[in-house]
1. Starting from the amide H of ILE60, placed 1.01 Å from N in the peptide plane, find each other amide H under 5 Å away whose residue is 5 or more places distant or on another chain.
2. Note the full-extension length gain between ARG404 and VAL380 as 0.36 nm times their separation in residues minus their Cα-Cα distance, in nm to one decimal.
3. With everything on Cα atoms, drop me the angle between helix 337-351 and the longest principal axis of the chain, reported from 0 to 90° to the nearest 10.
4. What Kirkwood radius, in Å to one decimal, follows from the Cα pairs of the chain?
5. Can you pull the percent of Cα pairs in region 234-276 with separation above 14 Å?
6. State the antiparallel share, in %, of DSSP beta bridges confined to the chain, rounding to the nearest 5.
7. Using the Karplus curve 6.51 cos²θ - 1.76 cosθ + 1.60 with θ = phi - 60°, work out ³J(HN,Hα) for each residue of region 171-183 in order, rounded to whole Hz, and write x for Gly and Pro.
8. Only helical DSSP H runs with n ≥ 4 go in: add -39500 (n - 2.57) per run for the chain, normalise by residue count and round the 222 nm mean residue ellipticity to 500 deg cm²/dmol.
Amino acid sequence: MQFFSHIKYNWKSGLAVSLVSIPLSVSLSVAANASPLMGIITAVWAGSIAAIFGGSNYNIVGPTGALSGMLAAFAINYGYASLPMLAIVSGIIIIVFFALRFEKYIVLIPSSVVHGFTLGVALIIGLNQLNFALGLKGLPAHKHLLQNVMESFKHIGQFDAGTITLFLVAIAVIFYFSKLIPKVPGPIIVAPIGMFLGYLSENGFISAHFQTLHTRFGEIGSKIYQMPVFSPHFIDIDLLKTAFAVAVIAILETLISAKIADNMTNTKSNQRKEMMGLGLANIASGIFGGIPATAALARTALNIKSGANHKTSAAITCVLIGVVSLIFLPYFKYLPLAVVASILVSVAIQMVSAEHFMHIYKHDKKAFALSFVVTGVTLVEDPIFGIMIGAIIALLIFVNHFSRAQTEINIHRGRKMVARVQTIKFNEVEKHAGDVVVYRFAGQLNYINSQSHIENLSKINGAHTVIINFRNLFHIDLDGLDALGEVINTFKAQGKKVILTSAGPFIIPILTKTGWYDDLKEQNLVFNSTTEALETLGFEINEDASGDKTLETYRTACVM
């Protein structure tokens, strides 16, 4: 009964998404330099397997713009017949990531890199439509996007006015419906009208001559399966490199889409199951002759807005795509390439959100600049290199930030605190001479930030006693331990007294492995709290209303 209930409440959303998915799948497959049929196969089989085994009730999996740039570059070098093998290898990598629980690391790629990559891919999709939109044909294809763009501009004088008009009208209709009648997606309108015009053009009923899917790819056929060509000798480093990048982007897009769907519906998807479903979906897509797939944000949002409440909607979508394609797919051969270009340009525009970039610019100028670095590399080199460079730069920025020692210093003179200085104002330590200084670690002391701590501690010159507080230190590695020993030995050589306080249960076992800790403990220079240490040095202690011991001097104003 529950099964029929799901069908009852989800068949309308499934129908709506299927009608949009057919022209989009064909168009996105063309954008990936694959055949139109491969897009339909991907939508049917990848979408079905993801719906059955995935963990989201709303994600629609199929061909997407996010992968088109990488797939197009790969297809140029190896031919579109190589894409099913790429889908299978990508799916296997996703399954390996799932087994090793690597998704928690993949999703750590910062949003600035993801948005920069998305902008780059959107530009690739849009610029790749120049020939279709202008009616240019017979131009040589180059490996890099910018070379193809230059080739198009060199032959721009050969444009076809009818094709340009059709492109502009089609894209205007798409955006008209998206703004004024959002419940009726533009591709549903322009695709059948375009096929009718393409039929009239090919059969000489009108004077305009439009390039169509038929003139470019020949007969499309009425099937949802085609035997892929597999060769064990094809698996090489380029395939593995591209498959790895496809897997990472597919996981990111799918988990992001699931998260957005959760926010829209106040539900919670199962990320682990969604990742497993994605891996199996890509393997199935390749076996049946399709291309790599991931969750499609726009189709997922349409699925929700159309009333879906269960993954049955995605399954119905795939069944209907299959049924409609078996009956009507041969007629898609008349779809003009200008209409395909209009659909793809609209997809590219919708991939980019100005709000996201404004949000990044407002909060982090470096991240904003990194976004455009990723975009530039994606355009000039390729999408794989773009996201790799972005991830590496983001990691270096993070490490650079993390390498700055997080700490606070309290400077005392004449048993009164005269300054409390934090990391961002550490140069002020040298301005405030003190005889007793409390140095408080925060977070971790490790190989990344140990040198920064050494530099900070070296600025303590006038004090006769240095209290090192471990209360907020939660981890210390071997390099951090060696750095700490170096500082303590330097202070002792300078005649300074070093006191250790507030070491917790995670830190004490590590400190006990050093000789200098035992020496300080034998000299009674290790305390449970800084308050006890200061009391031993003759500081006046009061008890506040809660019973906690505090320094009277802490109640005085501090020089910042």
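Read the figures in this text as sums done on the coordinates, not as results from a lab. This one's a predicted model, so the numbers in the text were calculated from it and none came from an experiment. Don't worry about glycine lacking a Cβ; one is built from the backbone with ideal geometry, like all the others, and counts go over all protein chains shown.
1. Placed amide hydrogens put ALA296, THR300 under 5 Å from ILE60.
2. 5.2 nm
3. 20 degrees
4. 27.2 Å is the Kirkwood radius here.
5. Tail of P(r) above 14 Å: 58 percent of Cα pairs.
6. Percent antiparallel among DSSP bridges in the chain is about 50.
7. Here the 3J(HN,Hα) series is 5, 5, 5, 4, 6, 4, 5, 5, 8, 9, 10, x, 6 Hz.
8. Rounded to the nearest 500, the figure is -19500 deg cm²/dmol.
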